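Just so it is clear, none of the values below were taken in a lab; they were calculated from the coordinates. Since we're looking at a predicted model, the values are computed, not measured. Here Cβ is always computed from backbone atoms with ideal geometry, including for glycine, and neighbour counts include all displayed protein chains.
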Amino acid sequence: MKRRILAILGSFIIAVGLSAEAYAMPKSDFSDDDLNGVLPEESETPSWEDEFGDIVTEATLEYSDSYAGAGIAEDRKSAWIWFTRTIPQKIQQRAQKLPVPVKLRDDLPISNQELSNKQWDVYSKVIQVYPKEYVVSTSSVDNNQINIYYRPSISARVAVEQKHQIEDLLNMPEQDDEGTRVVLEADSSTEAVGEALYGGGYLSTCTAGFSIRKSGVTENGLVTAGHCTSPQRYGASGQVSLTRKGTYIGDSGDVAIYHADRGWTAPKFYYAPGKLRDINAVKNTYNGQKICVNGQYSANKCTTVLSVNNCGDGACGLTATTDYVTQGGDSGAPWFWRNTGYGIHQGRIIVGGRARSGFTPVLRAQQLLNFQVKLS
């Protein structure tokens, strides 16, 4: 069977940040002048984008079997929502009320959820025989394609053997019965590294995301990245011990929850060093959305969402951002926009020499481990 290795440069990265607790973290070493007084996210933003985000969240939750994707144009003057079949009337009506044109399509070849499931099937097989640190994956619903990037051996002979090994493992045709294509690309820069650093942070390893509760398990919990080691302690001096109560690393993300052995976790989070903010909602993201992270080492940084359904370091279902704005020690940090939570920082992946930050969507994380983010 003829195989093709396509030269495609891509990338994906992951990193993470801070917690939202009652036990105060150390005061920031940064003055308001250092932060320029106003964070990038607080500049003027069209109000319709908030409503668009609500529409996308409704589409992903209520119509996951046909929802294919959504995004905002680069000039931020139009938007789009995709489905695989007839667009739900509620979505049409809400989209028509927005003050910008929203292009609706009902002819996509595959839903976002279907492609995500297929992507995990492929990716999980590859990392069984190939180091997960050197395999990443992206996918695209508009062309019904899954890309697998792997780092080849420096030996030409071994590199050819690696390629054949992966192809034989997948036993894949040019495309499957639903038209989904899997494209392999050998890329010497491919790397996926979970950013779990020890010591010196707000958790003994990595950082905390949002305060959470789980019925019958904990009323005072924290969520962070699943790849961070256990046990953990909270605070600069490790004054509160944390007990792990659940971990998920797989087809839908990288997340873990912990119980605070004393004290309580408040419905607030640090959006910048030493600065607290209420959390009023949790939602799903869309392509082009503005979003920020507050990492233990990177502090407050903002970028936009590039794509959903990315794989790296043993996990899929990750959202990638346009820019790489995080660094080591940020794993688990909150991704947010104003008072809305969107994700739990995961780590970094480098493909084609370019890095991006990535995270597990918080709504999906709630479903995976059956917890609720505490809201103000």
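Couple of notes before you dig in:
- Rounded to the nearest angstrom and listed largest first, the equivalent-ellipsoid semi-axes of segment 288-376 from its Cα gyration tensor are 19, 15, 12.
- Taking every alpha-carbon pair under 8 Å whose residues sit at least 6 apart, segment 75-169 reaches a relative contact order of 22 percent.
- Evaluated at q = 0.12, 0.13, 0.17, 0.20 Å⁻¹: base-10 log I(q)/I(0), Debye formula over Cα of segment 194-373: -0.46, -0.54, -0.97, -1.42
- Two-site FRET efficiency, Asp323 against Asp75, from Cβ-Cβ distance with R₀ of 25 Å, rounded to 0.05: 0.85
- Taking 7 Å steps out from each Cα toward its Cβ at Arg181 and Ser230 produces label points 4.3 nm apart.
- Relative contact order %, segment 194-373, counting alpha carbon pairs below 8 Å whose residues are six or more apart: 25 percent
- Counting 0.36 nm for each residue step from Tyr134 to Asp54 and taking away their Cα separation leaves a gain of 25.2 nm.
- Sorting Arg94, Arg364 by the number of Cβ atoms found within 10 Å of their own Cβ, with the fewest placed first, yields Arg94, Arg364.
- Segment 58-73-segment 245-293 distance, computed between alpha-carbon centres (Å): 22 Å
- Reciprocal of mean inverse Cα separation for segment 214-275 (Kirkwood radius, Å): 12.6 Å
- Beta bridge orientation in segment 47-105: antiparallel %, DSSP, nearest 5: 55 percent
- Segment 47-105, relative contact order in percent, only Cα pairs under 8 angstrom and at least six apart counted: 34 percent
- Label-point separation in nm, Ser241 to Lys125, each point 7 Å along Cα→Cβ: 4.6 nm
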